[in-house]
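Novice: The structure that follows is given in the form of structure tokens.
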2 protein chains.
Amino acid sequence: MEMLVQLGKNAAEAKYELQKLTAERKNQALHAVAQALINQSSLIMKENEKDIARGEEKGMHPGLIDRLRLTSERISGMAEGLKQVADLPDPIGELLETIERPNGLKIEKRRVPMGVIGIIYESRPNVTADAFGLCFKSGNAVILKGGSDAICSNMAITKVIRQALKEEGITENAIQLIESTDREVAKAFMRLKEYVDLLIPRGGAGLIRSVVENSTIPVIETGTGNCHIYVDEFADLKKAVPIIINAKTQRIGVCNACESLVIHEEVKDKLLPSLAAALREHHVEIRGDEKVQQVIECIPATEEDYGTEYLDYIISMKIVSSVEEAIAHVNRYSTRHSEAILTENEENAEKFLDGVDAACVYVNASTRFTDGFEFGFGAEIGISTQKLHARGPMGLRELTSYKYRITGNGQIR
Amino acid sequence: MEMLVQLGKNAAEAKYELQKLTAERKNQALHAVAQALINQSSLIMKENEKDIARGEEKGMHPGLIDRLRLTSERISGMAEGLKQVADLPDPIGELLETIERPNGLKIEKRRVPMGVIGIIYESRPNVTADAFGLCFKSGNAVILKGGSDAICSNMAITKVIRQALKEEGITENAIQLIESTDREVAKAFMRLKEYVDLLIPRGGAGLIRSVVENSTIPVIETGTGNCHIYVDEFADLKKAVPIIINAKTQRIGVCNACESLVIHEEVKDKLLPSLAAALREHHVEIRGDEKVQQVIECIPATEEDYGTEYLDYIISMKIVSSVEEAIAHVNRYSTRHSEAILTENEENAEKFLDGVDAACVYVNASTRFTDGFEFGFGAEIGISTQKLHARGPMGLRELTSYKYRITGNGQIR
């Protein structure tokens with residue numbers, strides 16, 4: 001644990017240097033890091049091979065092996081990502097508000113970096129470079145704790161980034177990787193409150209739960225999406241099938257995929273046969289309530305189905321008799337991520353937009369658009385499902401805080 | 001614990017009603033509640049007497065008894081506070097941003113209530129009405145857990161507020177009080193994540209630590225203030241003594257009081273004798289480092305002193321030889337609340353404003369101004385010392401979140 005405290009101290013020291021960097025220096029460093037990743041790609045791939053070999057030995061699923069694998073194309077993709085972050089506007093220093101008080105005090109509210117950000121992730125090794133790029137551009141030091149499966153890859157990527165920063169004359173401690181894969185170290189990291197200002201977990205529900213349970217550092221919860229689409233009685237059914245097929249099947253393992261349909265009883269007879277045929281064409285299993293079962297063949301849906309984020313070729317369906325009932329159903333089972341209504345009726349659209357408690361509420365579009373790039377943020381560190389600080393897709397601004405700068409000439413109370 | 005879940009469900013249901021209330025209805029209800037508190041003040045004082053009697057029986061400190069006591073004047077003050085909140089602009093519904101995407105999606109980012117806010121407090125019973133007013137005006141349901149010393153007073157105030165809301169045709173569950181004073185219930189409350197969106201502790205360091213350690217609900221940490229004033233080599237010493245005396249002694253038990261001085265060696269001989277005399281006049285004990293001891297008589301300061309929020313008539317002093325050393329010292333011991341530099345040198349002022357990591361950084365003014373009213377927010381629920389979500393004084397806006405409302409016409413990815 002001494003090692004962790006040392007990483008914390010290093011980062012807390014680095015943050016004072018990083019917060020002062022101009023946009024120009026940060027962008028130049030991001031380009032240098034991008035070039036270094038490409039120059040050192042054979043080293044990175046060699047280290048990646050060790051992770052692959054260990055994975056194959058352990059009998060890891062081929063799909064996961066593929067996610068783990070770094071090719072020179074994927075490394076170029078990482079480098080390209082850093083260059084794109086360099087192109088984004090620098091959020092730091094932005095004047096958010098000015099207040100002049102009757103006593104002559106001038107109060108400026110200015111955007112500042114968060115300071116030190118911790119990221120715990122399970123995902124692909126490219127997150128190492130992506131997370132660094134976003135934290136660095138927003139003036140933060142980052143401490144990373146990746147998954148054990150990718151440890152050699154993560155170490156190699158971190159080493160290359162640190163070396164490139166050093167050559168740019170910037171503190172290497174802008175990025176530090178926790179090299180231990182011990183779970184107890186991960187837990188101790190979640191309590192490194194003295195040095196870390198924000199902790200972001202990226203991964204499955206189990207990881208996120210563990211962070212929420214154990215962290216004393218402020219956390220942004222990301223990524224659980226039990227997303228609904230409600231087909232209203234006034235829906236344009238020609239739009240409904242393509243939107244539902246897109247939201248369910250375009251990528252099944254992502255948090256903004258649709259998991260459940262809520263359908264107004266007035267349209268069920270018209271919609272369900274063609275929708276069921278389209279879903280079956282995409283190998284999607286349907287679990288419906290009794291009224292759905294009366295129209296199409298399907299597996300009976302249980303209470304549990306409505307609360308499940310399948311991340312799979314399965315969709316649940318529920319028939320309702322009003323937009324109010326739909327809203328109540330969605331609010332009951334929603335993970336507050338992304339929810340959609342399909343309707344041509346403005347009043348019902350407004351009711352749904354107002355009444356549904358979620359980060360992103362859609363009218364007549366696929367839930368798949370909840371994404372930093374699709375929102376035009378140019379980048380994304382994750383999608384927040386909590387209401388504190390950031391909600392929905394998080395880009396550079398969401399990695400910042402603010403500071404009040406107050407100037408007086410001797411004022412006392 | 002079933003009781004807690006029921007409170008959680010009540011609040012989660014109430015939030016949907018509260019988020020829809022117009023500013024006019026909320027303001028009318030706040031005025032009605034204010035009037036009810038005044039009308040029912042004899043009932044409230046009668047219940048308050050029970051708390052006072054219990055406190056006296058337990059041998060509670062007379063100062064604490066006084067804080068606990070509700071007079072008709074104090075109840076009028078609570079009512080006045082609610083009317084002031086009614087006069088503030090309603091933050092809900094504010095359009096924060098509009099994004100139009102090339103694919104035709106229209107994204108609106110709008111301010112919405114947080115939902116359900118939990119507040120755990122130890123302080124005076126007036127917090128019950130104050131917290132309700134701020135949460136209600138910002139469209140939130142609130143669940144309160146007050147200290148056991150004030151339980152009868154808190155129950156009476158809550159009862160009056162609920163009755164007044166009912167008469168206004170608004171859900172009583174806008175405010176609910178946890179009537180148990182069991183510590184285990186408090187801990188269970190901190191884990192009521194399914195229903196509560198934000199938890200704010202208001203009280204001493206022990207309470208705040210317990211909430212940070214135990215809560216799975218997102219927390220805003222408030223109120224610990226080890227605040228410094230740095231007297232720069234270019235300080236106007238005529239301003240220094242009044243500012244320091246004000247920041248240290250105007251109210252000693254508050255988080256924005258000054259606890260420690262950092263003094264440039266160039267000014268120590270001129271400043272310290274008159275400062276020490278002024279501090280002694282206000283019965284303030286001085287704990288100084290060796291260089292301070294060479295100029296004035298004082299108690300030697302230990303390392304521990306520099307890290308202590310005294311909340312008492314004590315001040316620590318440290319001599320430095322540069323603004324950089326001052327910044328490093330402040331950053332080492334600061335609780336990130338409020339820090340001040342006294343200087344007429346713009347460059348040093350900028351260095352301090354930029355380099356010190358705190359919610360509020362002052363030039364030539366008392367740290368006592370860190371306060372929602374002094375900032376012109378019209379109200380305050382607390383002062384955040386964390387960087388996530390809100391930093392410094394928190395008013396109505398800091399009790400809100402936002403929601404993305406996205407309108408399309410059939411867009412898919």
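The values are calculated or read from the model by the stated rules, or taken from the named source; none is laboratory data. Computed from a predicted model, the values in this text were never measured in an experiment. Cβ: placed from backbone, ideal geometry, glycine included. Neighbour counts: every protein chain shown.
Novice: Given the criteria among the hydrophobic types (A, V, I, L, M, F, W, C), out of contact with any Pro (no Cβ under 7 Å at 6 or more places or on another chain) and under 30 Å from residue A:187 (Cβ atoms), does residue A:43 qualify?
Specialist: no
Novice: Select, from B:154, B:103, the only residue that is assigned to a loop (DSSP other than H, G, I, E, B) and in contact with a strand residue (DSSP E or B) (Cβ under 8 Å, 6 or more places away or on another chain).
Specialist: When all the criteria are applied, what remains is B:103.
Novice: Right, something else. Considering (1) within 14 Å of another protein chain (Cβ to nearest Cβ); (2) out of contact with any strand residue (DSSP E or B) (no Cβ under 8 Å at 6 or more places or on another chain); (3) surrounded by fewer than 22 Cβ atoms within 10 Å (Cβ to Cβ), say which one residue A:336 fails and leave the rest.
Specialist: (3)
Novice: Within the stretch B:21-30, is even one residue under 30 Å from residue A:365 (Cα atoms) and over 24 Å from the mean Cα position of the chain (by Cα)?
Specialist: yes
Novice: Give the residues of the stretch B:356-373 that are out of contact with any Leu (no Cβ under 8 Å at 6 or more places or on another chain) and surrounded by 20 or more Cβ atoms within 10 Å (Cβ to Cβ), sorted by residue number.
Specialist: Within the stretch B:356-373, B:356, B:357, B:358, B:359, B:360, B:362, B:366, B:367, B:368, B:370, B:372 meet the criteria.
Novice: Working only within the stretch A:294-307, note down all residues that are hydroxyl-bearing (Ser, Thr, Tyr) and surrounded by fewer than 18 Cβ atoms within 10 Å (Cβ to Cβ).
Specialist: A:302, the sole residue that qualifies.
Novice: What strands (runs of 3 or more DSSP E), lying completely within the stretch B:203-298, carry at least 2 residues that are within 14 Å of chain A (Cβ to nearest Cβ), of a type outside the set (Asp, Glu) and within 24 Å of residue B:124 (Cβ to Cβ)?
Specialist: Correct list: empty, since no element meets the threshold.
Novice: Do you know which of the residues in the stretch A:182-202 that are acidic (Asp, Glu) and in a loop (DSSP other than H, G, I, E, B) is farthest from the other protein chains (Cβ to nearest Cβ)?
Specialist: A:182
Novice: A follow-up question, please. So which pairs qualify, if the first residue must be in the stretch B:199-213 and over 14 Å from residue B:225 (Cα atoms), the second must be part of a strand (DSSP E or B) and at pLDDT below 90, the Cβ gap must be under 6 Å, and the two must be at least 6 apart or on different chains?
Specialist: none
Novice: Cβ-Cβ below 6 Å, separation at least six or inter-chain, first residue in the stretch B:318-347 and at pLDDT 95 or above, second surrounded by fewer than 19 Cβ atoms within 10 Å (Cβ to Cβ) and basic (Lys, Arg): which pairs?
Specialist: So the pair list comes out as B:319/B:291.
Novice: Moving on. One residue is enough: does the stretch A:77-86 have a residue meeting the conditions assigned to a loop (DSSP other than H, G, I, E, B) and either at pLDDT 95 or above or more than 22 Å from residue A:201 (Cα to Cα) (or both)?
Specialist: No, the stretch A:77-86 contains no residue that is assigned to a loop (DSSP other than H, G, I, E, B) and either at pLDDT 95 or above or more than 22 Å from residue A:201 (Cα to Cα) (or both).
Novice: Being closer than 21 Å to residue A:341 by Cβ, surrounded by fewer than 22 Cβ atoms within 10 Å (Cβ to Cβ) and at pLDDT 95 or above: is that true of residue A:263 here?
Specialist: The answer is no for residue A:263.
Novice: So how many residues does the stretch A:1-33 have that are of a type in the set (D, E, K, R), crowded, with 19+ Cβ neighbours inside 10 Å and within 14 Å of chain B (Cβ to nearest Cβ)?
Specialist: 1
Novice: Quick test for you: out of B:232, B:236, pick the one residue that is among the acidic types (Asp, Glu), crowded, with 22+ Cβ neighbours inside 10 Å, under 30 Å from residue B:344 (Cα atoms) and modelled with pLDDT of 95 or more.
Specialist: None of the other options fit; the residue is B:232.
Novice: Another question about this same structure. Yes or no: residue B:258 in contact with an Asp or Glu (Cβ under 8 Å, 6 or more places away or on another chain), under 30 Å from residue B:212 (Cα atoms) and buried (at least 24 other Cβ atoms within 10 Å of the Cβ)?
Specialist: no
Novice: A further question follows. For the subset of the stretch A:344-374 comprising residues that are over 22 Å from the mean Cα position of the chain (by Cα) and of a type in the set (D, E, K, R), which member is farthest from the other protein chains (Cβ to nearest Cβ)?
Specialist: Checked the stretch A:344-374; the qualifying residue farthest from the other protein chains (Cβ to nearest Cβ) is A:347.
Novice: Here is a further query. Within the set of pairs 6 or more residues apart or between chains, which connect a residue that is away from chain B (no Cβ under 11 Å) and of a type in the set (Ser, Thr, Tyr) inside the stretch A:92-105 to a residue that is surrounded by 12 or more Cβ atoms within 10 Å (Cβ to Cβ) and not in a loop (DSSP other than H, G, I, E, B) with Cβ atoms less than 8 Å apart?
Specialist: Pairs that qualify, where the first residue is away from chain B (no Cβ under 11 Å) and of a type in the set (Ser, Thr, Tyr) and the partner is surrounded by 12 or more Cβ atoms within 10 Å (Cβ to Cβ) and not in a loop (DSSP other than H, G, I, E, B), are A:98/A:106; A:98/A:107; A:98/A:108; A:98/A:109.
Novice: From the residues in the stretch A:382-413 that are in contact with a Lys or Arg (Cβ under 8 Å, 6 or more places away or on another chain) and more than 7 Å from chain B (Cβ to nearest Cβ), which one is nearest to residue B:247 (Cα to Cα)?
Specialist: The selected residue is A:400.
Novice: So, one more: Consider only pairs whose beta carbons are under 8 Å apart and that are at least six residues apart or on different chains; among these, list those whose first residue lies in the stretch B:30-54 and is closer than 13 Å to residue B:80 by Cα and whose second residue is of a type in the set (Phe, Trp, Tyr) and at pLDDT 95 or above.
Specialist: B:30/B:136; B:33/B:132
Novice: Please go through the stretch A:34-56 and give me each residue that is small (Gly, Ala, Ser) and surrounded by 16 or more Cβ atoms within 10 Å (Cβ to Cβ), ordered by number.
Specialist: Those that are small (Gly, Ala, Ser) and surrounded by 16 or more Cβ atoms within 10 Å (Cβ to Cβ): A:34, A:36, A:41, A:55.
Novice: Among the residues of the stretch B:390-413 satisfying the criterion of being touching a helix residue (DSSP H, G or I) at 6+ places or on another chain (Cβ under 7 Å) and either basic (Lys, Arg) or surrounded by 24 or more Cβ atoms within 10 Å (Cβ to Cβ) (or both), which is nearest to residue A:404 (Cα to Cα)?
Specialist: The qualifying residue nearest to residue A:404 (Cα to Cα) is B:390.
Novice: Now, a different point. Find the helices (runs of 4 or more DSSP H) located wholly in the stretch A:1-69 whose residues include 2 or more that are among the polar types (S, T, N, Q), and list them.
Specialist: In the stretch A:1-69, A:2-18, A:23-39, A:41-57 are the helices (runs of 4 or more DSSP H) which contain 2 or more residues that are among the polar types (S, T, N, Q).
Novice: Of everything in the stretch A:266-293 that's free of Cβ contacts under 8 Å to residues at least 12 places away in the same chain and surrounded by 13 or more Cβ atoms within 10 Å (Cβ to Cβ), which residue is nearest to residue A:307 (Cα to Cα)?
Specialist: Selected residue: A:293.
Novice: Could you check residue A:379 against (1) modelled with pLDDT of 95 or more; (2) farther than 18 Å from residue B:402 by Cα; (3) of a type in the set (A, V, I, L, M, F, W, C) and say which number it fails?
Specialist: Residue A:379 satisfies all of (1) modelled with pLDDT of 95 or more; (2) farther than 18 Å from residue B:402 by Cα; (3) of a type in the set (A, V, I, L, M, F, W, C) except (1).
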